[in-house]
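Just below is one structure, and these are the notes that go with it.
Nothing in this text is a laboratory measurement; each read-out follows from the coordinates by a stated rule. Since this is a predicted model, take the numbers as computed values, not measurements. When we count neighbours, we look across all protein chains shown, and the Cβ atoms used for this are built from the backbone with ideal geometry, even at glycine.
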Amino acid sequence: MDELVALVDSDGVVYGSAPRSVMRRDNLRHSATGVLVRNSAGDVYVHRRTPTKDVYPARYDFMAGGVVAAGEDPYDAVVRELDEELGISGVELVKLPQGDYADDFTNYRAYLYACRWDGPVRHQPEEVDWGTWMPLPELIARLDDPAWPFVPDTTALLGDYLRTL
C-alpha cells in the first residue's frame with residue numbers, strides 16, 4: 001500500500017499530502033519523527049536498516065522513526081514508529097529540539113524525542129535487520145568510521161547532541 005504522507009512547508013505547516021512513492025520520487029518536503037533510545041546504563045540502541053528500505057538502505061541508525069502520515073499528529077507518529085520498528089511502547093518520551101534535514105534523497109521537518117528503555121527490543125523485519133546496545137563512546141567513534149555507514153540525516157540531526165551527553 002502506498003500510504004499518504006503529510007507534506008509541509010518551510011515552517012513545518014502541513015499544506016497537503018502525497019503518496020509515499022511520489023514524496024520519495026520528487027523529494028517533497030514532509031514531516032518525520034525520530035527517537036533516541038537509551039538504557040539506564042546510558043547505552044544507545046543502534047540498528048541497521050534492511051536493504052529494502054526506500055531511503056538509506058542497509059545503513060546504521062541510532063534513531064527509530066519514520067514519516068508522519070497524512071492527518072497524523074507527529075507525537076502519535078513517533079509513538080507508532082517506536083512500537084513498529086523496535087517493539088517499544090509505554091515509555092515517557094522527552095521532546096528534543098525540532099530540526100530540518102534535506103539532501104538529494106529526503107527533505108523533512110524532524111520531530112525528535114528521547115526515551116529510556118531497559119526491556120526487550122523486537123525488530124520489525126521489514127525495516128530492521130540487526131541491532132544492539134552500544135556504549136556512547138563507542139557509538140561516537142563509529143560515527144567517524146567509514147566501515148560503519150550511518151544514515152546521514154540522523155547523524156546531522158543528533159550527532160552533535162550525542163557528543164554533549
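Determine if the range 86-94 includes at least one residue that is in contact with an Asp or Glu (Cβ under 6 Å, 6 or more places away or on another chain) and either touching a residue at least 60 places away in the same chain (Cβ under 8 Å) or more than 20 Å from Val8 (Cα to Cα) (or both).
Yes, the conditions are met somewhere in the range 86-94.
Give me a count of the residues in the range 93-113 that are outside any loop (DSSP other than H, G, I, E, B) and more than 27 Å from Asn27 (Cα to Cα).
Result for the range 93-113: 1.
Looking at the range 21-58, which of its residues are touching a Ser or Thr at 6+ places or on another chain (Cβ under 8 Å), in a loop (DSSP other than H, G, I, E, B), hydrophobic (A, V, I, L, M, F, W, C) and surrounded by 14 or more Cβ atoms within 10 Å (Cβ to Cβ)?
Once the filter is applied, which keeps residues that are touching a Ser or Thr at 6+ places or on another chain (Cβ under 8 Å), in a loop (DSSP other than H, G, I, E, B), hydrophobic (A, V, I, L, M, F, W, C) and surrounded by 14 or more Cβ atoms within 10 Å (Cβ to Cβ), the range 21-58 yields only Val55.
Does the range 63-84 hold any residues that are more than 23 Å from Asn27 (Cα to Cα) and crowded, with 20+ Cβ neighbours inside 10 Å, and which are they?
Selection gives Leu82 alone.
Does the range 71-92 hold any residues that are among the aliphatic types (A, V, I, L, M), part of a helix (DSSP H, G or I) and closer than 17 Å to Asp61 by Cβ, and which are they?
Of everything in the range 71-92, those that are among the aliphatic types (A, V, I, L, M), part of a helix (DSSP H, G or I) and closer than 17 Å to Asp61 by Cβ turn out to be Ala77, Val78, Leu82, Leu86.
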